[in-house]
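So the structure is just underneath, and the comments pick up after that.
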Amino acid sequence: MPEIKTVDVGEVSLEYILTGPADRPAIAFVHGLGGNLSMFFNQEENFSKSFRVLLLSLRGHGGSSCPMPETRESFTLDVMAKDVVSLLDRLNLPAVHWVGNSMGGLVGYQMLKDAPERLLSLATFGIAAELHYGPVAINLLTLFKDIMIKIKGYEGFCRMAGPISSKLPETQEKVVEMAMATPPAVIKYGHMNVASVNYLQVLAEANIPLLLIKCEHDRAINKALKSTLSVLEQSENAEVVEMTGVGHYPNLDRPDDFNSILEGWYTRPLCSSRNNELPINKDNKSWMLEG
C-alpha cells in the first residue's frame, strides 16, 4: 500500500495518498460521510499507472483530525471544500479531475461553486445535486440515530449501514469498518448538513465535463435524482452512466467495471480537452453497463 501522509490545512490536518507520474493530470477520489480514503485503494492502484492520483480523507474521517469542539458548523460542505483547496495548494496541484461518492460528490459541487478553476471535470455517484429534508425531518432523523446508538451501541448502529449500502457481504463489511472509524459527532453533524442542499444552478452553469454514475440498487438516492438528471440532460458537458447490480458503492461492488467507466470517460474528447470543443451526441448521452 502507498504511504499515507498527513498535512496541516489550517484548523485540521488531512491524511492523503499521492501517487502516479508527476507530469500527468490528477484525479482526486473523495469518499462520502462515514468513509475514508481506503475505499479507493483499488482505484489508486489502477489509475496511478497513467494519472497522478490523490486519495484523501475529509476532516473527521479516517486519519484526518477533527476540529475541537465538534460542532455542526465545523462540518459544513463549504468548510470541507476549503480544506481540499488548501490541500491542493500544499501539494502543488492546480486542478484535478474530481470523483466524489455521496458527500464527496456534494463537496465536489461546492468546489464547483466556490473554486471552479480547481476542477478539470466532476464525476459523482451515490448523490443527487438536490436534496430536500426540512428542519423537522432533519431533527427527527437525528433523534432516530441518537436513539439507535443508545439501543444498539455505536457498532450496532454502524452495522445497520452495511445492508443498506450493498448486497455484497465484502462491501458491507468495508462500509461498517469505515463507519466505525468515524466519530459519532462527525456522522451526526454530517447528516444534518447534507440533508438539504441545492446545487442545480451550479450544475447548470458548469463549463467542465460532468459525469453521473447512477447505481441500480441505490434506491434512496435514485428517488432524489430526477431534478439532477433533468439538468444534466440539458447540458452539452454531461454524460450519465447506469450501472446495474450495484448499490451505493459501485467502486467496491464492481471495481473493474467502475474503473472502465472512468477510463473510457477520461479518453473522450469532452473530458480530455478542457476547451470542450466537441459537443456530446445528444442521441447517445447515456449508456448502460450491465452486470
**OP:** Identify the single condition in (1) hydroxyl-bearing (Ser, Thr, Tyr); (2) surrounded by fewer than 19 Cβ atoms within 10 Å (Cβ to Cβ); (3) over 27 Å from residue 21 (Cα atoms) that residue 102 does not satisfy, given that it satisfies every other one.
**Re:** (2)
Subject >> Residues located in segment 26-41, provided they are without any contact (Cβ under 8 Å) to a residue 60 or more places away in the chain and not aromatic (Phe, Trp, Tyr) >> reply: 37
**OP:** Please name all residue pairs, on different chains or six or more residues apart, with Cβ atoms under 9 Å, provided the first residue is in segment 1-25 and is within 15 Å of residue 92 (Cα to Cα) and in contact (Cβ under 8 Å) with a residue 40 or more places away in the chain and the second residue is among the acidic types (Asp, Glu) and surrounded by fewer than 19 Cβ atoms within 10 Å (Cβ to Cβ).
**Re:** 9/89
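When you go through 19, 76 one by one, which is the residue that is over 18 Å from residue 249 (Cα atoms) and within 15 Å of the chain's Cα centre (by Cα)? Break it down stepwise before answering.
On the way: 19 fails: within 15 Å of the chain's Cα centre (by Cα).
The unique qualifying residue is 76.
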Original post:
Just wondering, is there one or more residues in segment 209-221 that are buried (at least 16 other Cβ atoms within 10 Å of the Cβ), of a type outside the set (A, V, I, L, M, F, W, C), touching a strand residue (DSSP E or B) at 6+ places or on another chain (Cβ under 6 Å) and closer than 21 Å to residue 116 by Cα?
Top reply: yes
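I'm checking my understanding of the structure. Among residues of segment 111-125 that are touching a strand residue (DSSP E or B) at 6+ places or on another chain (Cβ under 9 Å) and part of a helix (DSSP H, G or I), which one is surrounded by the most Cβ atoms within 10 Å (Cβ to Cβ)? So that I can check it myself, show each step before the final result.
The first filter runs over segment 111-125 and keeps only residues touching a strand residue (DSSP E or B) at 6+ places or on another chain (Cβ under 9 Å), leaving 111-112, 118-125.
Okay, now just the ones that are also part of a helix (DSSP H, G or I), so 111-112, 118.
Values: 111: 28, 112: 23, 118: 19.
Of everything passing the filter in segment 111-125, 111 is surrounded by the most Cβ atoms within 10 Å (Cβ to Cβ).
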Original post:
Here are some conditions: (1) under 25 Å from residue 61 (Cα atoms); (2) surrounded by fewer than 16 Cβ atoms within 10 Å (Cβ to Cβ); (3) touching a residue at least 40 places away in the same chain (Cβ under 8 Å). Residue 233 meets all but one. Which one does it not meet?
Top reply: (1)
**OP:** Among the residues of segment 3-28, write down those that are of a type in the set (Gly, Ala, Ser), in contact with a Ser or Thr (Cβ under 7 Å, 6 or more places away or on another chain) and modelled with pLDDT of 95 or more.
**Re:** 13, 20
Original post:
What is the residue count in segment 2-54 for residues that are on the phi > 0 side of the Ramachandran plot and surrounded by fewer than 19 Cβ atoms within 10 Å (Cβ to Cβ)?
Top reply: 1
Subject >> Total residues in segment 42-83, condition without any contact (Cβ under 8 Å) to a residue 24 or more places away in the chain and more than 22 Å from residue 195 (Cβ to Cβ) >> reply: 2
Original post:
Among the listed residues 64, 74, which satisfies the condition of being closer than 20 Å to residue 188 by Cα, outside any helix (DSSP H, G or I) and modelled with pLDDT of 95 or more?
Top reply: 64
Original post:
Quick one: what pairs do we get from segment 168-183, first residue in contact (Cβ under 8 Å) with a residue 40 or more places away in the chain, second among the aromatic types (Phe, Trp, Tyr) and surrounded by 14 or more Cβ atoms within 10 Å (Cβ to Cβ), C-beta under 6 Å, 6+ apart or different chains?
Top reply: 171/249
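Could you list all residues from segment 81-110 that are in a loop (DSSP other than H, G, I, E, B) and in contact with a helix residue (DSSP H, G or I) (Cβ under 6 Å, 6 or more places away or on another chain)?
Of all residues in segment 81-110, those in a loop (DSSP other than H, G, I, E, B) come to 91-95, 102.
Result: 95, single match.
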Original post:
Within segment 159-181, is there a residue that is in a strand (DSSP E or B) and over 20 Å from residue 78 (Cα atoms)?
Top reply: no
**OP:** Can you run down the residue pairs with Cβ atoms below 7 Å, 6 or more apart or on separate chains, where the first is in segment 211-222 and of a type in the set (D, E, K, R) and the partner is part of a helix (DSSP H, G or I)?
**Re:** 214/222
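The values are calculated or read from the model by the stated rules, or taken from the named source; none is laboratory data. What you see is a predicted model; the values in this text were computed from it and never measured. Reconstructed Cβ throughout: ideal geometry from the backbone, glycine too, with neighbour counts over all protein chains shown.
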